[in-house]
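The values are calculated or read from the model by the stated rules, or taken from the named source; none is laboratory data. Worth saying up front: this structure is predicted, and the values here are computed from it rather than measured. Note that each Cβ is placed from the backbone with ideal geometry, even for glycine, and that neighbours are counted across all protein chains shown. For accessibility, only protein heavy atoms count, side chains too; no ligands or nucleic acids. Shrake-Rupley method; radii C 1.70, N 1.55, O 1.52, S 1.80 Å.
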Amino acid sequence: MTQDMTPLLNVTNLSISFGGLRAVDDFDITVKKGQLYGLIGPNGAGKTTVFNLLTGVYRPDVGKIFLEDENITNMKTMDINKAGVGRTFQNIRLFKKLTVLDNVKVGLHNRFHYSTLEGIFRLPRYRSIEKIMNEEAYKLLKVFDLENEADYLAGNLPYGKQRKLEIARTLATNPKLLLLDEPAAGMNPNETKDLMKTIRFVRDEFDMTILLIEHDMKLVAGICEELTVLNFGKVLMSGETNAVLNDSRVITAYLGED
């Protein structure tokens, strides 16, 4: 895949404090279209706080967030999602009492709409939209080898497949930028290897731009083209993956994690 050098995400001077403590301090990042970009750092470095700022969970004290030419800095989470930012979470957030298929259809409701009246009385427009949504959901489930479990309750899936389902549901919202928060957390080595293939496939098949937080250095080294390293809320360094991972400052930050 030929990478577009146009910035998709451009963040400048992003900062936020909690109780007088600077959790993220003067954070900058530029992620280009089609890029697989990693955000790494020791525990408590501020990585998930950055994701919360990018998705409107928190509002920054200062700084700007642009998705292409749109300033999304102080938008609500729902509006940021509609603008094109999709996210998964470190602790999987599925509707565990719904089926696998219905979880993906929840994401599709970001794109397909019908009125309450049409839904209650199952009017022709409702039936037409439901048919389209089922077809779209099955296409996504097939990408993640989940089509045979479409009627399973999401909470009954094995852990690794729950991770995949969460990514599938996020893709259903048709994002421009996919944020993955610790996607390999809790996975065994085989599941992690499979996840790496899945993330690469999603990037290539959907022409997706992906920013991920990850602790698994093998995964980061295997799929990310560039990295930004956070430490104590500040950017320690950014650059090409191999150069960053071999930098003594990064090694020291991780060795000092415990």
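With respect to the conditions (1) outside the structural domain of Asn10 (by TED's automatic domain parsing); (2) buried (at least 18 other Cβ atoms within 10 Å of the Cβ); (3) more than 16 Å from the chain's Cα centre (by Cα), Val244 lacks only one, and its number is (1). In segment 231-241, which residue that is of a type in the set (Gly, Ala, Ser) and in contact with a Ser or Thr (Cβ under 8 Å, 6 or more places away or on another chain) is surrounded by the fewest Cβ atoms within 10 Å (Cβ to Cβ)? Result: Ser238.
Does Thr228 meet the test of being under 29 Å from Asn13 (Cβ atoms) and open to solvent by 50 Å² or more (accessible area, probe 1.4 Å)? So Thr228 fails the test. Scoring Glu214 on the criteria (1) in contact with a helix residue (DSSP H, G or I) (Cβ under 6 Å, 6 or more places away or on another chain); (2) within 30 Å of Ile132 (Cβ to Cβ) leaves a single failure, condition (2). Based on this model, can you work out whether Gly46 counts as touching an Asp or Glu at 6+ places or on another chain (Cβ under 6 Å) and among the small types (Gly, Ala, Ser)? Answer is no for this residue.
Taken residue by residue, segment 12-21 has at least one member that is closer than 21 Å to Leu178 by Cβ and open to solvent by less than 10 Å² (accessible area, probe 1.4 Å). For segment 131-168, residues that are among the acidic types (Asp, Glu) and more than 15 Å from Leu98 (Cβ to Cβ) total 4. Evaluate segment 32-54: report whether one residue or more is over 14 Å from Gly233 (Cβ atoms), surrounded by 16 or more Cβ atoms within 10 Å (Cβ to Cβ) and without any contact (Cβ under 8 Å) to a residue 40 or more places away in the chain. No, the conditions are met nowhere in segment 32-54. Of the set (1) open to solvent by 60 Å² or more (accessible area, probe 1.4 Å); (2) closer than 23 Å to Phe201 by Cα, all apply to Asp28 but (2).
Within segment 55-65, the set of residues being open to solvent by less than 70 Å² (accessible area, probe 1.4 Å) and not aliphatic (A, V, I, L, M) comprises Thr55, Gly56, Pro60, Gly63.
For Glu68, the requirement of being surrounded by 15 or more Cβ atoms within 10 Å (Cβ to Cβ), over 20 Å from Thr173 (Cβ atoms) and of a type in the set (Asp, Glu) is not met. Scanning segment 116-133 for residues that are assigned by TED's automatic domain parsing to the domain that holds Ala150, in contact with a Leu (Cβ under 6 Å, 6 or more places away or on another chain) and open to solvent by less than 70 Å² (accessible area, probe 1.4 Å) turns up at least one hit. Answer with yes or no whether Glu166 is farther than 23 Å from Asn110 by Cα and either part of a helix (DSSP H, G or I) or outside the structural domain of Ile40 (by TED's automatic domain parsing) (or both). Judged against the criteria, Glu166 is not a match. Might you let me know whether segment 150-159 holds any residue that is in contact with a Phe, Trp or Tyr (Cβ under 8 Å, 6 or more places away or on another chain), touching a residue at least 60 places away in the same chain (Cβ under 8 Å) and either of a type in the set (D, E, K, R) or part of a helix (DSSP H, G or I) (or both)? Scanning segment 150-159 turns up at least one residue that is in contact with a Phe, Trp or Tyr (Cβ under 8 Å, 6 or more places away or on another chain), touching a residue at least 60 places away in the same chain (Cβ under 8 Å) and either of a type in the set (D, E, K, R) or part of a helix (DSSP H, G or I) (or both). If you go through segment 87-115 and keep only what is farther than 30 Å from Gly160 by Cβ and open to solvent by 70 Å² or more (accessible area, probe 1.4 Å), you end up with just His113.
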